[in-house]
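Enquirer: Can you keep this structure in mind? I'll have questions shortly.
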Amino acid sequence: MSSRAVLMAALHRRVPAGSAGWIARAAGRRDARNPQAMERARASMRLLLDQARPDADFDDLARRYLVQVRWLNEARWHLRLSRPLPVQGLDRLRSVDGGVLVHLVHHGPFLMIGPSLAQSGREVHVVADPGLCAPDRKPWQAQTHAVASQGCRLFSAEEGSAGVRDRLARGLVVAAATDVPGHTPVTFLGKRLVGSSGAVRVAYTSGVPVISASVHRDAEGRPTYRLSEPLRPADFASAEAMLQELLRLQEPAVLAWPEAYYDPLTKWHQETPEMA
């Protein structure tokens, strides 16, 4: 581990939590003066909105997106800023007997999905990037693990479908994002994209209900999770149809707050003719 990484982690931790918002805004404005960063930010917003909201002000959204990225990256260094979110519909999670899959995308303060769901009193496990679960975590990975595992457990995506299936069979709540590299074409926000269907496919073939968790802002702009009614596999013709409905449930939240989608260019790939 480099001494620079250790030093940067120490500096982040020494910054008062109350200064994180100012730091994120200043860093975001600096990023917006970088042509490469600004073009990537525009591309991120176009990926999400060029079909659903083609008349959007992509320059303005790009600038706000850069601030949001900086905020999420800064807030993770402060437990005071990384607390469980309010959850609307938490009783829907409590009402399910046995295993249940909670579906999400990387929108809003997604690191807080596990701690937020754990407020239900149920045991929650979250599928995580392998680097967050490795024994030799880098400082930023260790900090991310610390905030994302409050009241819950993370397990590596390298466990694959078997890891999800085992936990669902044990009656646990498993949270998984499907906007990760995969091979499943879907329609999201009016365009054809490619993501992952593994966790939803496991739930479908196991007869386990799936709940959508989307992020919304309250009247004062504070993020909250909103849980859908449980979706039952028996109500869908296929796992792909179930996944498509779960993504449809995410669309209003993303359209209302697109700049809060974390690095969509690494989450989604556009479908090519060869994939069709």
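Every number in this text was worked out from the coordinates using simple rules, so none of it is lab data. Quick caveat: nothing in here was measured; it's all calculated off a predicted structure. Don't worry about glycine lacking a Cβ; one is built from the backbone with ideal geometry, like all the others, and counts go over all protein chains shown.
Enquirer: Rounded to the nearest 500 deg cm²/dmol, what is the calculated helix-only ellipticity per residue at 222 nm for the chain, with -39500 (n - 2.57) per DSSP H run of length n ≥ 4?
Expert: -13000 deg cm²/dmol
Enquirer: Count neighbours as other Cβ atoms within 10 Å of each site's Cβ, and list the GluC sites (Glu not before Pro) in segment 141-250 that are DSSP loop with at most 15 such neighbours.
Expert: Here the sparse-neighbourhood loop sites are Glu220.
Enquirer: Taking loop as defined by DSSP and a crowding limit of 12 other beta carbons within 10 Å, which trypsin sites (Lys or Arg not before Pro) in segment 20-49 fit?
Expert: In loop regions of segment 20-49 (DSSP not H, G, I, E or B), the sparsely surrounded trypsin sites (Lys or Arg not before Pro) are Arg33.
Enquirer: Along the Cα→Cβ direction, 7 angstrom out, place labels at Ala37 and Asp55. What is the inter-label distance in nm?
Expert: Inter-label distance under the simple model: 3.2 nm.
Enquirer: Quote to one decimal, in nm, the extra length available between His216 and Ala169 on full extension: 0.36 nm per residue of separation minus the C-alpha distance between them.
Expert: This chain segment gains 13.9 nm when fully extended.
Enquirer: Rounded, prolate or oblate, given the Cα gyration tensor of the chain, with a/c below 1.5 counting as rounded?
Expert: Oblate.
Enquirer: Related question: Among Leu66, Leu79, Leu247, which one shows the highest mean-square fluctuation when the chain is modelled as a Gaussian network with alpha-carbon springs under 10 Å?
Expert: Leu79
Enquirer: Mean 1/r over all different Cα pairs, inverted: what Kirkwood radius does segment 1-127 give, in Å?
Expert: With all distinct Cα pairs of segment 1-127 included, I get 17.2 Å.
Enquirer: Note down the nm distance, to one decimal, between modelled labels 7 Å out along Cα→Cβ at Ala146 and at Asp235.
Expert: Computed distance between label sites Ala146 and Asp235 equals 4.2 nm.
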